[in-house]
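The values are calculated or read from the model by the stated rules, or taken from the named source; none is laboratory data. These numbers come from a predicted model, not from an experiment. Positions of Cβ are backbone-derived with ideal geometry, glycine not excepted, and every protein chain shown enters the neighbour counts.
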Amino acid sequence: MTDVRMKVWRGDATGGAFVDFTVPADEGMVVLDVVHRIQATHAPDLAVRWNCKAGKCGSCSAEINGHPKLMCMTRMNTFAPDEEITVSPVKTFPVVKDLVTDVSFNYEKAKTIPAFKPKPKEADGTRRMYQEDVERVQEFHKCIECFLCQDVCHVIRDHEENKPSFSGPRYFVRLAALEMHPLDTNDRIDLARLKHGLGYCNITKCCTEVCPEDIHITDNAIIPLKERIVTRTYDPIAWALRRMRGKSGDLGAGEPEPPSA
Amino acid sequence: MATTTASVRQRPHERHDRWWVEPLTIVLVLGLFAVYAFVVSIQNANYYYDPYLSPFYSPCLTTGCVHPTFPIIGDWYNLSPAFLIVGSPLAFRVTCYYYRRSYYRAFFWSPPACTVPDARAKYSGETRFPFNLQNLHRYALYLAIPVLAILWWDAIEAFRFVVPNPERFSGIAVDFPTDRHFGIGLGTVIMVTNVVLLSGYTFGCHAARYLVGGYLDSFHGKSLRFRLWSWANQLNARHSRWAWFSLFSVMLTDLYVRLCAMGVITDLRWVS
């Protein structure tokens, strides 16, 4: 058993500061274990949100030495023995208390994405998906909604004013899962551009780097959506082909109707 | 939705690792490449050493080229032929999704590293001019593919050595001898490696992946497009490596041809 030094941010919406703790850590511990030991031995009123301790509920998101991570999946032996470890709440969302933040921004954004609207059933009363199509969107369904990608995204992290017009990587994953779904009939391309602000993303890939589920958010969700938007909005050849084939749609289509909740 | 912003946001970032190494490296490498490309492009000499043509000068489009590919521009053009073709690869790399990630971080500090704050107070991403032009990346791809085809032709030509004739190496001869035979030199290997790396970079590009099949919602009954999309996916998974290695290979190929043409080194030939 060795002592570890941990600086934990403590405070609320009005402000706060880092508080130093030194506690013994056992072999095999993760950061969340140390935070729990601090709760048990030094600060019983330390607020921390957690649930599964297995990297599957997405509750214990925090910033550890400035890196957005799940506390339950960050092993203590990844730090140098005498390294001071800082733990702070995710910065993109308002602090409630200590390490707990109000992530309701995400739930409000989720409401603005229309639900899955499947095609009519085939003659035999079924709907079919083929394996290659299942595999493509399966990756997106691994999301545990830890919101680390939302936290690290500089578009809303560093620019509060963008929050009304930009939904963040989590919702581009959601939009991609539905837009690429072979059975979904809703058109979400204009929605992604005009209501969810995909154009604000400058693909710096931080969302992909922090994803604990290893979802290739930028490469497989955001960029394919951007390419679909290009076809719809910016590509004159695609526009000319649509016109020749008698399909509707002009370059830079107007604002869509507000999405249903 | 709560609107309160905690003061934690205003504090300096907490990263105490060497986050600045990556953006600094990118600035140095891309800066070095830009300086090198400008210098060799403006030089207008030492870009051909039979049968190797520098990728900075291919296709060579003027009648004044030492080794013209398509001499469609007459003697009135007296600048370097490299300037005529630099736009295609430059546009392709500048609008490339991977390079965008790199230079937005390294040059624009938007952000310089994950969780390190943006340099600018206001941010509109790629929604406004000139950054919305990034949406035309696929057009840069359309321009890059014919150039790539010509580089493949150059690589094939690199297997065809001329029968030694001292007059051809006087520096002024521009005739094209027909007496060529199969050969392999170090330059051949370099030229082929370069074009393979450029092909991996080009066909693994996100726009190519979309255009060959990524635009579809269902691949059922579209086996060719599914196969092409799957191959593009495999290349795309290592797009960053293809991007850097192909950048270095273009520079090294030019450097090798240049040093041979200047007489600094002699081409190592195994079969000639």
Given the criterion basic (Lys, Arg) and assigned to a helix (DSSP H, G or I), identify the matching residue among B:Arg120, B:Arg93, B:Arg128.
B:Arg93
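Give me a count of the residues in the stretch A:42-60 that are in contact with a strand residue (DSSP E or B) (Cβ under 6 Å, 6 or more places away or on another chain) and at negative phi. Quick ask: steps written out before the conclusion?
The initial filter retains those residues of the stretch A:42-60 that are in contact with a strand residue (DSSP E or B) (Cβ under 6 Å, 6 or more places away or on another chain), namely A:42, A:47, A:49, A:55, A:60.
Restricting the remaining residues to those that are at negative phi gives A:42, A:47, A:49, A:60.
Qualifying residue count for the region: 4.
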Select from the stretch A:138-173 the residues that are β-branched (Val, Ile, Thr) and under 27 Å from A:Asn51 (Cα atoms) and write down the one among them that is surrounded by the most Cβ atoms within 10 Å (Cβ to Cβ).
A:Val152
Based on this model, can you work out whether A:Ser59 counts as within 13 Å of chain B (Cβ to nearest Cβ) and in contact (Cβ under 8 Å) with a residue 24 or more places away in the chain?
no
Output the number of the condition that A:Ala40 fails; it satisfies all remaining conditions of (1) of a type in the set (Gly, Ala, Ser); (2) farther than 26 Å from A:Glu209 by Cβ; (3) surrounded by 13 or more Cβ atoms within 10 Å (Cβ to Cβ).
(3)
Taking the stretch B:72-82 and keeping only residues that are surrounded by 14 or more Cβ atoms within 10 Å (Cβ to Cβ) and farther than 29 Å from B:Leu268 by Cα, one is left with B:Ile73, B:Tyr77
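What number of residues in the stretch A:192-215 are of a type outside the set (Phe, Trp, Tyr), closer than 28 Å to A:Ala62 by Cβ and within 11 Å of chain B (Cβ to nearest Cβ)?
In the first step, residues of the stretch A:192-215 are kept if they are of a type outside the set (Phe, Trp, Tyr); the result is A:192-199, A:201-215.
Now drop any that are not closer than 28 Å to A:Ala62 by Cβ, which leaves A:196-198, A:201-215.
In the following step, the residues that additionally are within 11 Å of chain B (Cβ to nearest Cβ) were identified as A:197-198, A:201-210.
So the count comes out to 12.
Which of the residues belonging to the stretch A:198-235 are among the aliphatic types (A, V, I, L, M) and assigned to a helix (DSSP H, G or I)? Full working, then the answer.
So the first thing to find is which residues in the stretch A:198-235 are among the aliphatic types (A, V, I, L, M), and the list is A:198, A:203, A:210, A:215, A:217, A:221-223, A:225, A:229-230.
A:Leu198, A:Val210, A:Ile217, A:Ala221, A:Ile222, A:Ile223, A:Leu225, A:Ile229, A:Val230, listed by residue number.
Can you tell me which of A:Ile189, A:Ile223 is touching a Lys or Arg at 6+ places or on another chain (Cβ under 9 Å), facing chain B (nearest Cβ under 9 Å) and either farther than 21 Å from A:Ile64 by Cα or crowded, with 22+ Cβ neighbours inside 10 Å (or both)? Please lay out each step first, then the result.
Values: A:Ile189 fails: facing chain B (nearest Cβ under 9 Å).
None of the other options fit; the residue is A:Ile223.
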So if I check each of A:Val8, A:Val19, A:Val35, A:Val48, which one is within 14 Å of chain B (Cβ to nearest Cβ), closer than 20 Å to A:Asp102 by Cα and crowded, with 16+ Cβ neighbours inside 10 Å?
A:Val8
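Of everything in the stretch A:75-89 that's of a type in the set (Val, Ile, Thr) and surrounded by fewer than 24 Cβ atoms within 10 Å (Cβ to Cβ), which residue is nearest to A:Glu161 (Cα to Cα)? Don't jump to the end; show me each part of the working.
Restricting attention to the stretch A:75-89, the residues satisfying the condition of being of a type in the set (Val, Ile, Thr) are A:78, A:85-87.
Still in the list and also surrounded by fewer than 24 Cβ atoms within 10 Å (Cβ to Cβ): A:78, A:85-86.
Working: A:Thr78: 36, A:Ile85: 31, A:Thr86: 28 Å.
Per the stated criteria, the residue is A:Thr86.
When the residues of the stretch B:46-78 are filtered to those that are among the small types (Gly, Ala, Ser) and more than 23 Å from B:Ser246 (Cα to Cα), which remaining residue is nearest to the chain's Cα centre (by Cα)?
By that ranking, first place goes to B:Gly64.
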What's the number of the condition A:Thr218 fails, among (1) crowded, with 22+ Cβ neighbours inside 10 Å; (2) facing another protein chain (nearest Cβ under 7 Å); (3) hydroxyl-bearing (Ser, Thr, Tyr)?
(2)
Please pick out the residue among B:Tyr210, B:Tyr215, B:Tyr201 that is touching a Pro at 6+ places or on another chain (Cβ under 7 Å) and farther than 19 Å from B:Glu157 by Cβ.
B:Tyr210
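Against the definition (outside any loop (DSSP other than H, G, I, E, B), at pLDDT below 95 and either over 29 Å from A:Glu160 (Cα atoms) or of a type outside the set (D, E, K, R) (or both)), how does B:Leu84 come out, yes or no? Outline the logic, then answer.
Values: outside any loop (DSSP other than H, G, I, E, B): yes; at pLDDT below 95: yes; either over 29 Å from A:Glu160 (Cα atoms) or of a type outside the set (D, E, K, R) (or both): yes.
Yes; evaluated as a whole, the condition is true for this residue.
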Lone qualifier among A:Asp190, A:Asp151 - being over 28 Å from B:Ser230 (Cβ atoms) and modelled with pLDDT under 95:
A:Asp190
Looking only at the stretch B:15-61, how many residues end up being in contact with a strand residue (DSSP E or B) (Cβ under 8 Å, 6 or more places away or on another chain), surrounded by fewer than 22 Cβ atoms within 10 Å (Cβ to Cβ) and polar (S, T, N, Q)?
0
